[in-house]
1. Expressed as a whole number of Å, what is the distance separating the alpha-carbon centroids of the range 510-534 and the range 53-90?
2. Where the only charges are on Cβ atoms (+1 Lys, Arg; -1 Asp, Glu), what is the dipole of the range 583-647 about its Cα centre, to the nearest 20 debye?
3. Using 0.36 nm per residue, how much length does the chain from residue 130 to residue 330 gain when fully extended, once their Cα-Cα distance is taken away?
4. For a test of understanding, tell me how many lysine pairs in the chain have Cα atoms under 17 Å apart, given they are 8 or more places apart or on different chains.
5. Round to the nearest 0.05 the FRET efficiency obtained for residue 58 and residue 652 when R0 = 30 Å and r is the Cβ-Cβ distance.
6. Residues of the range 530-563 with backbone nitrogen within less than 16 Å of a virtual label 7 Å along the Cα-to-Cβ line of residue 622, please, listed as ranges.
7. Which label belongs to the value computed from this structure, given these candidates for mean projected area of the Cα convex hull in nm²: (i) 36.7; (ii) 47.9; (iii) 34.6?
8. Run the numbers for residue 715 and residue 3: contour at 0.36 nm per residue of separation, minus the present Cα-Cα distance, in nm.
Amino acid sequence: MRRVLVVLAATGVAFVALLALLGSGVLGRLWSPAPPTDVRIPADVVASRGAAQAAASHAVQAPGSRQILFGDLHVHTTFSTDAFLMALPPAGGDGARPVNDACDFARFCSELDFWSINDHAEALTPRAWKETVEAIRQCAEVAGSGDSPDVVPFLGWEWTQMGTRPENHYGHKNVVLHGLGEGEVPGRPIAAKAPADAFDRDPDAAPSLLGLGFVPLLRPSGWSLDFVRYMRTMEMPECPAGLPASASPESPCREWVETPEELFRKLDAWNLDAIVIPHGTTWGFYTPVGSSWDKQLRGAQHDPKRQTLIEVFSGHGNSEEFRSWSEVAVAADGTRSCPEPRDDYLPSCWRAGEIIRERCRAAGEADAVCDERAAVARQRSVDLGLFGHLSVPGARPEDWLDAGQCRDCFQPAFNYRPRSSVQYIMALRDFALPGRPRRFEFGFMAASDNHSARPGTGYKEYARTEMTEARLTKAMIRLWGGRKLQAPAPESVEIDPRRERLPFHLLREAERATSFFLTGGLTAVHADGRSRDAIWQALRRREVYGTSGPRILLWFDLLNPEGSSGASVPMGGEARLARPPIFQARAVGSFEQLPGCPDFATGALSPERLQHLCRGECYNPSDRRRLVSRIEVVRIRPQVREGEPVEGLVEDPWRVFPCGLEPAGCVATFSDPDFVASGRDALYYVRAIEVPSPAVNADLVRCERDERGRCLSARPCNSDDPTDDCLAETEERAWSSPIFVEHAGETVARSRDGV
């Protein structure tokens, strides 16, 4: 017996030792990138972009000599945890997607003029950050130096903050740096520290050394060892306070800050020339129910010198439009309840009650019993917030219809949060300092938010599971098995999310969110040239606009600024007027695309490389442009007193100008005759809208609707079938940055010093 016990003990010790060895990560590989393709894009190819644009500009008599350049300022690689998981073979991925893949994609697949890397800082180890910096420098080198590189890569990261309540939620912000030289690049990025009451900050990580050891034991393969190695590299302590930006700590550490105020303070202390760009503001996948942007204008939570642009659209959906409905009702005493449905909005909490009511009646229960169960289900959903769907056992994505979504918005973000929309944000003022109210003065841009090292994916509508993040949910389910689907019970259940041992994406409505992933947008700049400095100065001037993917040409100018001597004010600019402003907008449609890739791309990359990066399709313009159907004007008049309702301040659309489907483009000139009498500041921006064309996931959950627009049944596009792109007609568009017009008689003085 003693011998048996000794053998069992030795076996147990050996098993624990094996788990510890497997969980240590020493047997795994750190995915290393290859250098970017060292082939210059022919100068005549780059020049042809400018020539085509010059011809279009001449046709609509656009002012000035600045050229429009297109880029993507929101791109992830497999240095981001979620991207790494999607790249694993069991999740349907095909391996590493490093920074140099993004460089090749931007140059030969999407043919961009500029782009930036923005991996989640929370996952960037010292090694990953060093390789990122080196890769961006390599990309800049192969693209060519001087005034006309074929692409300009920018260095950056994403500050990925997620609050647990509306009060401590600030959301995601991209930090983009100007320079790449010594002294212009910090030794590490700045990550977002979770609030003190967060319980699922990094749920994808296994809890212990032995826990991670089970991954390769249960899934014996090279990828599982690589995954464990990756997770181990991210285990770092917090950096000591006051560590200089350039310092190399004796041991790896992570730079954490909890609020935007701390982020701005750290960027100032490190003396970094950086722009901070909020994004995904309405995306309810991680934004707490009832969130609002009001608090982000207070004090040092906003830095008007750095936070000058906002992402209005991405592959995660549109965040532009404000709506007056709310996803939760909050009483004066703070009590939260479920609002009733409207023709234009079905609250998720209300739908939770209706699912339970329908099941209850099908089970033969009395109406009074079912009414009570529906009321309980609604309140449980409200109380659970982001996790409300977990209280309805066995609910499938189609059961929720279009609950939580903006029914009449253009390609809206999932589970829309209207009081974090760009229009709401632009209508806000903070009156904390008497006589010196502040407001946001953002320029508008768009991006992809791509997680497979593919900047600018919106050039063609194809390959849904590759060119969007639609594969994310299936990746999580494949890797972690998902939450066991319960039987569709006729009663809701009490759920404690802290006891649900699930990764981040499976605690939320990840499978339903799959239908809301799009191919992504672009940022356009009006620049004095193709150089890094010229692009940066355009970003700083806010002379930028965003598109939903196509390369629409857009100009928007104030024609009659005071004392201008004939000069106009372009988009992103400011003016002070005592007379009605006069504006002019010009728009030219994007080029229709030819199949395949142009000769310079097929000559630079092998067929295998083209297939791996571009899935065989590149930006390949014909000489025929899409038609612009109309130009819409939005007017927003910011608050003039504390608590003034935003509902009457956003006028969308304020004016609409049909374009007559002219191939050469569209011109609209208009004035605001009410400006002087209103006595208020105002901002104006335009949307140029193309004729309908098919796009991936454009119909979202594909509802069958009644005559009032209410969803009767849904067919969410949540499959991982690579042959099904879920195409539907949509109206692609471009959003100009606003022009800010201050009323010369306005008694409300705005603070410009950031205090």
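No lab work stands behind these numbers, since they all come straight from the coordinates. Since we're looking at a predicted model, the values are computed, not measured. Cβ placement follows ideal geometry from the backbone for every residue including glycine, while neighbour counts extend to all protein chains displayed.
1. Taking the Cα centre of each part, the range 53-90 and the range 510-534 sit 5 Å apart.
2. Numbers: 10 positive and 9 negative charges, 52 e Å.
The dipole magnitude comes to about 240 debye.
3. Working: separation 200, 0.36 × 200 = 72.00 nm, distance 4.69 nm.
Taking 0.36 nm per residue and subtracting the Cα distance, the gain is 67.3 nm.
4. Values: 173/193; 173/266; 173/295; 173/305; 193/266; 266/305; 474/484.
The result is 7.
5. Working: r = 32 Å, r/R0 = 1.06.
E between residue 58 and residue 652, to the nearest 0.05, is 0.40.
6. Label zone hits: 551.
7. (i)
8. Values: separation 712, 0.36 × 712 = 256.32 nm, distance 6.30 nm.
Residue separation times 0.36 nm, minus the Cα-Cα distance, leaves 250.0 nm.
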